[in-house]
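To keep things clear, I will list the structure first and then write my remarks on it.
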């Protein structure tokens with residue numbers, strides 16, 4: 001089994017250890033594509049799995065809904081979110097903007113210890129890939145980006161990145177081209193080399209290209225055309 005290198009999530013006020021554990025488990029399962037979009041998250045089953053009250057489960061689900069990982073449906077429960085093609089485009093546009101901000105901060109704050117953590121994250125990805133553990137490989141690819149956000153030293157950026165990377169995982173699960181890897185280790189290794197060299201311009205260019213490539217491998221189709229209510233109901 002591939003060892004987890006999960007990046008710590010920023011703490012949230014008013015959350016208990018148990019509901020944070022449920023939240024983290026769902027996020028990791030989404031990032032591993034073990035919980036695909038549309039999966040129902042039954043409160044009773046979560047209560048039994050974690051031996052907790054419905055109040056605790058609901059708190060975790062509410063936080064997941066706040067992070068746009070699940071959708072809470074009145075009288076029908078929670079399901080894993082299913083982002084639309086337009087949401088997918090918007091999320092990747094936002095990720096590119098944020099990660100272009102993250103990289104200069106990572107380089108500015110780099111230390112031998114932080115570089116060692118990045119190398120370890122890449123090694124874990126490579127181990128998962130060679131062992132054929134696709135779920136771990138997918139999750140670790142996302143966690144590489146979360147690690148960079150953590151090493152940037154900006155808690156606000158890190159919180160946004162947790163949401164965006166998790167939502168990106170949902171998008172990839174919905175729209176990926178089967179058999180095509182979404183995050184290549186070679187690009188992560190090249191990025192590490194640029195961080196070590198302190199090459200901000202090329203690191204930013206590479207992360208932008210990296211995310212454009214990931215989005216380009218998705219089957220998002222043509223941009224959605226929104227109809228007005230009058231147009232939608234015309235002829236009925």
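Every read-out reported here was derived from the displayed coordinates using simple, explicitly stated rules and does not represent laboratory data. Here the structure is a predicted model, which means the values were calculated and not measured. With ideal geometry, Cβ positions are generated from the backbone for all residues, glycine too; neighbour counts draw on all protein chains shown.
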Problem set entry | Relative contact order of the range 36-149, defined on C-alpha pairs under 8 angstrom at six or more residues apart (%) | 20 percent
Exercise. For the range 85-216, what does the equivalent ellipsoid look like in terms of its semi-axes, each the square root of 5 times an eigenvalue of the Cα gyration tensor, given largest first in whole Å?
Worked result: 22, 18, 13
For this session: Kindly put 186, 19, 90 in sequence by how many other C-beta atoms sit within 10 Å of each C-beta, fewest to most.
Result: 186, 90, 19
For this session: Report the FRET efficiency, 1/(1 + (r/R0)^6), for residue 117 and residue 44, where r is their Cβ-Cβ distance and R0 is 45 Å, rounded to 0.05.
Result: 0.70
Exercise. What percent does the relative contact order of the range 17-80 come to when contacts are Cα pairs within less than 8 Å and at least six residues apart?
Worked result: 39 percent
